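The structure appears below as structure tokens.
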Amino acid sequence: MKKILIILCMLLILPVWADTMPFYVDSIPKNTIGMYQTGEKITIYSHPEANSRVVKQFNFSYNPETMPDNVFALLINDRKLGFLFVSDIGDEGWVEVIYDRKTGSKGWVLTEDRLQFLPWLNFYNMYGRKYGLRFMKDSPDDLEILKAKSEDLSQTVSTLRYVKQIRVTAIRGNWALVSVVDVDKTPKMGYLRWRGDDGAIYAFPNIK
């Protein structure tokens, strides 16, 4: 009984971590086309028109204890950095976002500037180059290889074993030109497939 009480006390005093990060391939729907960066509040509409029905409104405190569940594709509370998945784009700055990852519910938001919506290539060029990449935990083992060119049938440069770091030089379609430090600590350069032809994402920016 004493041990149970000690464990409960430890759980109560531990900090609450409510950050969100995709770690598995199915964490990112294949039909998404990029990311929408949230501010402190957003209004979601039924259609890409300001006079359409409001389906949801959010006010974000970025306090882990009060942030909503299943909303964010990526969230780092300390940095007030949050993103929603984007599934479609409209005219004049409107984008369709997934605002409930559990149900797949979608709605439209109006972007405030050109960097608020980042298509996947822009997102990877910005955050992948800054932070590097990491493989999803369930990504296929046969993708952990470097190619001489951004082609599946290209010559294999190296097979990766225990990757320590993946630095991005450029993004070209579903491929990333990277420099990799493997278990042998020898830098290797080549093309890595970060996304499948079906839209499945296998490697994600290692944002911290």
Open item on the list: If I filter the range 143-163 for residues that are of a type in the set (Phe, Trp, Tyr) and farther than 23 Å from Ile28 by Cα, do I get at least one hit?
Closed with: yes
Task: Tally, over the range 103-117, of residues that are under 14 Å from Thr32 (Cβ atoms), assigned to a loop (DSSP other than H, G, I, E, B) and hydrophobic (A, V, I, L, M, F, W, C) - done: 0
Task: Spans of strands (runs of 3 or more DSSP E) in the range 118-208 with at least 1 residues aromatic (Phe, Trp, Tyr) - done: 133-135, 175-181, 187-193, 203-205
Task: Every residue from the range 165-208 that is of a type in the set (S, T, N, Q) and closer than 22 Å to Gly82 by Cα - done: Asn206
Open item on the list: Just the residues that are open to solvent by less than 40 Å² (accessible area, probe 1.4 Å), under 12 Å from Arg129 (Cβ atoms) and touching a strand residue (DSSP E or B) at 6+ places or on another chain (Cβ under 7 Å), please, taken from the range 166-193.
Closed with: Ile166, Val168, Ala170, Ala176, Leu177, Val178, Ser179
Task: Counted residues, the range 59-76 - those being β-branched (Val, Ile, Thr) and within 20 Å of Gly104 (Cα to Cα) - done: 1
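Residue-wise test of (1) under 16 Å from the mean Cα position of the chain (by Cα); (2) at pLDDT 95 or above.
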{"position": "Leu118", "(1), (2)": "yes, yes"}
{"position": "Arg134", "(1), (2)": "yes, no"}
{"position": "Gln155", "(1), (2)": "no, yes"}
{"position": "Thr159", "(1), (2)": "no, no"}
{"position": "Gly173", "(1), (2)": "no, no"}
{"position": "Ile201", "(1), (2)": "yes, yes"}
- [ ] Look at the range 65-95 and say how many of its residues are outside any strand (DSSP E or B), open to solvent by less than 70 Å² (accessible area, probe 1.4 Å) and within 15 Å of Gln37 (Cβ to Cβ).
- [x] 5
Open item on the list: For the condition over 17 Å from the mean Cα position of the chain (by Cα) and surrounded by 13 or more Cβ atoms within 10 Å (Cβ to Cβ), what is the one hit in Tyr124, Tyr62?
Closed with: Tyr62
- [ ] Please specify each residue of the range 21-59 satisfying the condition of being open to solvent by less than 40 Å² (accessible area, probe 1.4 Å) and in contact with a Gly (Cβ under 6 Å, 6 or more places away or on another chain).
- [x] Thr38, Ile44
Task: Some residue of the range 151-159 being hydrophobic (A, V, I, L, M, F, W, C) and touching a residue at least 24 places away in the same chain (Cβ under 8 Å) - done: yes
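Residues in the range 24-37 that are part of a loop (DSSP other than H, G, I, E, B) and modelled with pLDDT of 95 or more: how many?
Qualifying residue count, the range 24-37: 5.
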Task: Selection status of Ser139, farther than 30 Å from Gly90 by Cα and either among the β-branched types (Val, Ile, Thr) or over 21 Å from the mean Cα position of the chain (by Cα) (or both) - done: no
- [ ] Within the range 41-68, count every residue that is under 16 Å from Phe83 (Cβ atoms) and either in contact (Cβ under 8 Å) with a residue 40 or more places away in the chain or in contact with a helix residue (DSSP H, G or I) (Cβ under 6 Å, 6 or more places away or on another chain) (or both).
- [x] 5
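The values are calculated or read from the model by the stated rules, or taken from the named source; none is laboratory data. Here the structure is a predicted model, which is why all the values come from computation and not from measurement. A quick note on method: Cβ atoms are made from the backbone with ideal geometry, for glycine too, and the neighbour counts reach across all protein chains shown. Heads up: the accessible areas ignore ligands, DNA and RNA and are worked out on the full protein's heavy atoms, side chains in. Shrake-Rupley method; radii C 1.70, N 1.55, O 1.52, S 1.80 Å.
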